[in-house]
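Q: Got a structure for you, written out below as structure tokens; questions coming shortly.
The values are calculated or read from the model by the stated rules, or taken from the named source; none is laboratory data. This one's a predicted model, so the numbers in the text were calculated from it and none came from an experiment. With ideal geometry, Cβ positions are generated from the backbone for all residues, glycine too; neighbour counts draw on all protein chains shown. What goes into the accessible areas is simple: the full protein's heavy atoms, side chains included, and nothing from ligands, DNA or RNA. Shrake-Rupley method; radii C 1.70, N 1.55, O 1.52, S 1.80 Å.
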Amino acid sequence: SKHCVELDNRTANVTVKPFDLDMGFQFELHVTVSGKKINISEIPELPIPKDWMRDKLELHFYKTEQAAGGGEIKNVTYNKGSGTAVITFLKPG
């Protein structure tokens with residue numbers, strides 16, 4: 001649980017301590033697919049920062065590449081107020 005870390009020519013002694021993670025959220029999305037873009041609507045408002053939701057959407061649609069339907073992502077535009085997002089892929093699929 002104790003480690004030495006060297007940062008900027010200095011050594012710091014650090015201790016690792018366990019911490020609790022908050023429970024995850026499960027929700028349903030409505031998706032429209034068109035070439036390189038996916039339009040997502042009815043994203044529920046959750047008590048998480050906007051950039052976290054954007055990251056979760058990106059990870060979900062990138063991971064579905066193995067299950068036919070995802071792939072490398074160019075951009076994620078998320079609008080928390082309207083509960084919508086647009087995922088743009090690098091390649092059509």
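Q: For the range 12-50, name all the residues that are open to solvent by less than 70 Å² (accessible area, probe 1.4 Å), modelled with pLDDT of 70 or more and not small (Gly, Ala, Ser).
A: 14, 38, 40, 43, 44, 46, 48, 49
Q: If a residue must be open to solvent by 60 Å² or more (accessible area, probe 1.4 Å) and either among the hydroxyl-bearing types (Ser, Thr, Tyr) or at pLDDT 90 or above (or both), how many such residues does the range 56-71 contain?
A: Count: 1.
Q: Let me ask something else. Before we move on, is residue 74 open to solvent by 80 Å² or more (accessible area, probe 1.4 Å), at pLDDT 90 or above and not small (Gly, Ala, Ser)?
A: So residue 74 fits the description; yes.
Q: Next question, about the same structure. Take residue 89 and tell me if it is surrounded by 12 or more Cβ atoms within 10 Å (Cβ to Cβ) and at pLDDT 85 or above.
A: Criteria met by residue 89.
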